[in-house]
Structure formats: C-alpha cells, structure tokens
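Inspection log for the structure reproduced underneath, given as structure tokens.
The values are calculated or read from the model by the stated rules, or taken from the named source; none is laboratory data. Since this is a predicted model, take the numbers as computed values, not measurements. Positions of Cβ are generated from backbone atoms using ideal geometry, with glycine treated the same way; all protein chains shown enter the neighbour counts. Please note that ligands, DNA and RNA were not included when accessible areas were found on the heavy atoms of the full protein model with its side chains. Shrake-Rupley method; radii C 1.70, N 1.55, O 1.52, S 1.80 Å.
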Amino acid sequence: MTARKEIMETGWNLDNSYARLPKSFFTILDPTPVRSPKLIILNDSLATSLGLNAQALQSDDGVAVFAGNQIPEGALPLTQAYAGHQFGHFTMLGDGRAILLGEQITPKGERFDIQLKGSGRTPYSRRGDGRAALGPMLREYIISEAMYALGIPTTRSLAVVTTGESVFRETELPGAILTRVAASHLRVGTFEYASEWRTGDELRKLADYTLQRHFPEVGADENRYLSLLREVIKRQAVLIAKWQLVGFIHGVMNTDNMALSGETIDYGPCAFMNEYDPATVFSSIDTQGRYAYGNQPHIAAWNLARFAETLLPLLHGDQTQAIKLAQDAISDFDELYHRNWIAGMRAKLGIFNEEPEDESLIKDLLSIMHKYRADYTNTFRALTFDKQSDMTLFGTTEFAQWNERWQARLGRQQESKASSQQLMSNNNPALIPRNHRVEEALEAAVKQGDYSVMERLLDVLSKPYAHSPEQDDYTTLPAPSTCRYRTFCGT
C-alpha cells in the first residue's frame, strides 16, 4: 500500500468529487510505488496558480507525491472507466496507466484534476504495463505548455519525474511519470461507457455531475441535457478552430480523447504542420489519414454526434423527438466552427470588419500556399512584418495578384495600417514547437541527460507572440530530408 502522509507545507488542498459518482465509473486504486524518483522539471508558475508551494514540491516529500510513492491528505486515488471509438471502432477502455489523485481546489475556489500518468497497472490496462517512458512524458509537457502559451484551451503539465526503473518498448527506456492538470477528465468516451453498459439513472447522474462541474450556468434550464449538448458543441467549435489557426494536428481524435471541458487532451502523436497541406498526417498509426489536419473539423462533428447519441434518453421521452433535438444541435457545429475559424483568419490578416468576399480572399491565399508548399507559420509571420522576400511563394504572379486584393481590402476599413499589423502580431505566433526542435530537445534529455536544450525551448515557446530576436533561430525549418516526419503514441 502506498504510504499516506499529510504534506501541509506543499499546499495540497484536495477533494475528489468524481468519487461521489456511482462506483461503476471508477476503481479506487493507489499508484504503484517506484524505486528512486527524481524530479526532472516542475512548472513553477502553474504550481503557484494552483495554490501550491513550488519550493516545497521539490523536496523529497513533494517529489514522492509526483511519483505516487506518497498520497497527500484529501486525495482519493482512482482510475476512471470509459469507452471510445478508436479510428471509428467502438471498444471498452479506461485509464490504463493513469491515476486521478483528486481535484486541487485553488485559492480562487476552482477545481483542477491532478492526474499521474505512467503510475502503474490498473484494471483497464489490458496488456499494458501501466508505465510511461521519459521521452513521451517530456513531449507532452513541451507541447501542452506551448499550446497554453498560444492561448489554446489545454490540459497542462505540472511536473515530470523519472522513476529509476526502465520500461520496455522496442528498446529499454527510462521510466517517467507526468503530473497532468485538467479542468476534468470527463470525455465523450465516459458517456459512451455509461450509455452502453450502465443504467439510465447512472447516465443521468453523470450528466448532472458534468453540468455541475463545467456548465452550472445552464443547470436550471428547462432541458438542461440539451443545454449540456449545446455547450459542449460550442466549446469544441472554439477549440478546433484554434487548432486549425495555428496548424496543430492532434493525431488521434478518438472519442475518448475529446474532453467535454473543451480542453485539448491526450498529447500522443500530435505535431504542428510546417508546409501548408490539408492532407498532412504525422501519426504512424493513421495510415488512412482519418485524423489529417483538414479532417479535424469533420471528425469533431462526428465525435459530437456520438456524444449526442448517448444523451438521447435524457433529451426527450419520445425517441423520435430526442433524435430531432440532437440532430438540430449537432447541425449547428459547422456554422459555429466556421464562424470561429473565419474570425481567426481575419485577425491573422489584420482585418477588423466583415465583408462577403473575405472567405475567398482567405481560401485563395491558402490555395497558393499549398501550391508552393509554403510554411504555414512563417507565411503569416512574413505577412505580419512585410518581410516577403525569402519565400518562393512571394515571388509568384499569383501572390502578387492576391496581395493587391488584400491591400485593397485593408484599405476599405477604418483602422490604420499600424492597428492591422498589431492585430496580426497578436494572432500570428512567431514560432511553434517545430517538430525537429522538439526531437532535438528530447534526444538531449533522454540520451544524454541534458535538459538545457528543453529548458531553452520551453522558454522561447512561453512567449510565442513576443516576436523577439532571440526567437529567430527557432523559426527556421528543418533541413530537407527524404524521410517524412512520423510521430508515435508513446504508450
């Protein structure tokens, strides 16, 4: 049994409201202790915002919590049951290597899940060992914190510790545990599990819990479950638009990886697009391109339809009427997504107001970028600062013609050129976590024990809209290669 100890000085203020759901939704389970944990990285600013003492968290007792060797007072460790459509196929799942310690209640009264990822076998591990390797855990830390800095709703990373033990994948690798912070870990897959295998009463209790946790403002609505569906749809429309606007590719948009809170969750084979191409896929397991960059809005709508199906018994007593309510709600997603996306694209081009021709202006630019294999991030960065001399795209007749239309469009609005440039600067990041830079940092950390490369990368990624000179080296593209960049789940 993992030792339980009151660790007052660290600031833990834990509860576990999820444990008050019916017991069928989880299994009470302590993390599996590890041999010799060592703190690799701690997110000081996040710790402070959670009401934690960052200095105390670096003590032996603090590190022991991150490793699962000690359980702070108020925690009730458990693993969550859920199901999911993985690449379109429905299956039973659950936390196979993650344990929820509980919810940290911040000084502002907010609740955030504190989850240990890589903390040992669970009843849902199937044939897995419940552990995680250092590289993928550091990768999630880097990408999730970069997403946060970009202004994209996301789970965050509080700490990574090594375990002093090895995990075995294709090779022997150093083991690690990530402490993940989330608004919650409620997923579309949680409702699929309830709909498929639990009672109607249990489904209702899960829905009421979700409303209380994330959408208390609609809990008193006449049809609160329809309101729940609509609110989840709204948040996903915002989230996916933000992904598309920075060229982020999640890589594995299974329904168990869609958080009802509207946060990006489960950073497995994710990556950022370099040259603009809607068909871009990085994940080694996405052989058919189901989760390609251009497909992400469609997959989000598909996932939301699966969520709506689970709510049918709660939407209306008459199934036909329930289906109509669900279909009407889901049909709003495309328009909500499009509204968020086109507003974001206008901002990326310095456009303040709306004109009917804006969409064709945007899509024509993307088409030219695709034709000339222009880098997505650097194209918008160059447009922002009128530095259009070092990319093939900018020397073409097509771009010259497009640029005339764009300049004319900017001239038809009241705002000054300086105001447009500031709007663009605020919406076009100077840099993203370039895949080759992330790999460089991980290789130095895992193979050489050198974390300085990662620390420098995290520092520049923390201010993506600063457009400072020290960021310039991180905007360059990788050297040409005959091998396409591939990402892996890291399980």
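Quick rundown of the values:
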quantity: Verdict on Arg127 being more than 17 Å from Leu158 (Cα to Cα) and touching a residue at least 24 places away in the same chain (Cβ under 8 Å); calculated: no
quantity: Residues of the stretch 32-49 that turn out to be within 25 Å of Ser144 (Cβ to Cβ) and in contact with a helix residue (DSSP H, G or I) (Cβ under 8 Å, 6 or more places away or on another chain), as a count; calculated: 11
quantity: Complete set of residues in the stretch 33-61 that are in contact (Cβ under 8 Å) with a residue 60 or more places away in the chain and surrounded by fewer than 20 Cβ atoms within 10 Å (Cβ to Cβ); calculated: Arg35, Ser36, Lys38, Leu39, Leu46
quantity: Boolean, Ser144 is under 27 Å from Phe215 (Cβ atoms) and surrounded by 23 or more Cβ atoms within 10 Å (Cβ to Cβ); calculated: yes
quantity: Residue count for the stretch 66-98, restricted to those that are under 22 Å from the mean Cα position of the chain (by Cα), among the small types (Gly, Ala, Ser) and outside any loop (DSSP other than H, G, I, E, B); calculated: 3
quantity: Where a residue in the stretch 273-289 is more than 13 Å from Phe248 (Cα to Cα) and its partner, wherever it lies, is in a loop (DSSP other than H, G, I, E, B), with Cβ under 6 Å and at least six apart; calculated: Ser284/Arg486; Ser284/Phe488; Gly289/Val281
quantity: Filter result for Phe272 (farther than 30 Å from Pro136 by Cβ, at pLDDT 95 or above and open to solvent by less than 10 Å² (accessible area, probe 1.4 Å)); calculated: no
quantity: The stretch 220-260, subset open to solvent by 30 Å² or more (accessible area, probe 1.4 Å) and without any contact (Cβ under 8 Å) to a residue 24 or more places away in the chain, residue nearest to the chain's Cα centre (by Cα); calculated: Glu231
quantity: Total residues in the stretch 440-463, condition under 19 Å from Phe272 (Cβ atoms) and either among the aromatic types (Phe, Trp, Tyr) or crowded, with 16+ Cβ neighbours inside 10 Å (or both); calculated: 8
quantity: Among (1) touching a strand residue (DSSP E or B) at 6+ places or on another chain (Cβ under 6 Å); (2) open to solvent by less than 10 Å² (accessible area, probe 1.4 Å); (3) modelled with pLDDT of 95 or more, the one test that Glu263 misses; calculated: (2)
quantity: Of all residues in the stretch 172-198 being of a type in the set (Asp, Glu) and under 22 Å from Ala305 (Cα atoms), the one that is surrounded by the fewest Cβ atoms within 10 Å (Cβ to Cβ); calculated: Glu196
quantity: Selection count where residues are of a type in the set (Val, Ile, Thr), at pLDDT below 90 and either exposed (fewer than 12 other Cβ atoms within 10 Å of the Cβ) or not in a loop (DSSP other than H, G, I, E, B) (or both), scope the stretch 464-491; calculated: 2
quantity: Whichever residue in the stretch 418-437 is under 14 Å from Asp473 (Cβ atoms) and open to solvent by 10 Å² or more (accessible area, probe 1.4 Å) and, among such residues, is modelled with the highest pLDDT; calculated: Arg437
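Residue-by-condition table, conditions (1) without any contact (Cβ under 8 Å) to a residue 40 or more places away in the chain; (2) touching a Pro at 6+ places or on another chain (Cβ under 7 Å); (3) of a type in the set (D, E, K, R):
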| position | (1), (2), (3) |
| --- | --- |
| Asp318 | yes, no, yes |
| Lys324 | yes, no, yes |
| Gly350 | no, no, no |
| Ile368 | yes, no, no |
| Tyr376 | no, no, no |
| Met391 | yes, no, no |
| Gln401 | yes, no, no |
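A quick yes/no check of all residues on (1) touching a helix residue (DSSP H, G or I) at 6+ places or on another chain (Cβ under 8 Å); (2) not acidic (Asp, Glu):
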residue: Pro433; (1), (2): yes, yes
residue: Glu439; (1), (2): no, no
residue: Tyr451; (1), (2): yes, yes
residue: Ser462; (1), (2): yes, yes
residue: Ser468; (1), (2): no, yes
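Condition check ((1) surrounded by fewer than 21 Cβ atoms within 10 Å (Cβ to Cβ); (2) closer than 20 Å to Ser227 by Cβ; (3) in contact with a helix residue (DSSP H, G or I) (Cβ under 7 Å, 6 or more places away or on another chain); (4) modelled with pLDDT of 95 or more) across all residues:
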| site | (1), (2), (3), (4) |
| --- | --- |
| Gly268 | yes, no, no, no |
| Thr287 | yes, no, no, no |
| Leu312 | yes, yes, yes, yes |
| Gln319 | yes, yes, yes, yes |
| Asp332 | yes, yes, yes, yes |
| Asp358 | yes, no, yes, yes |
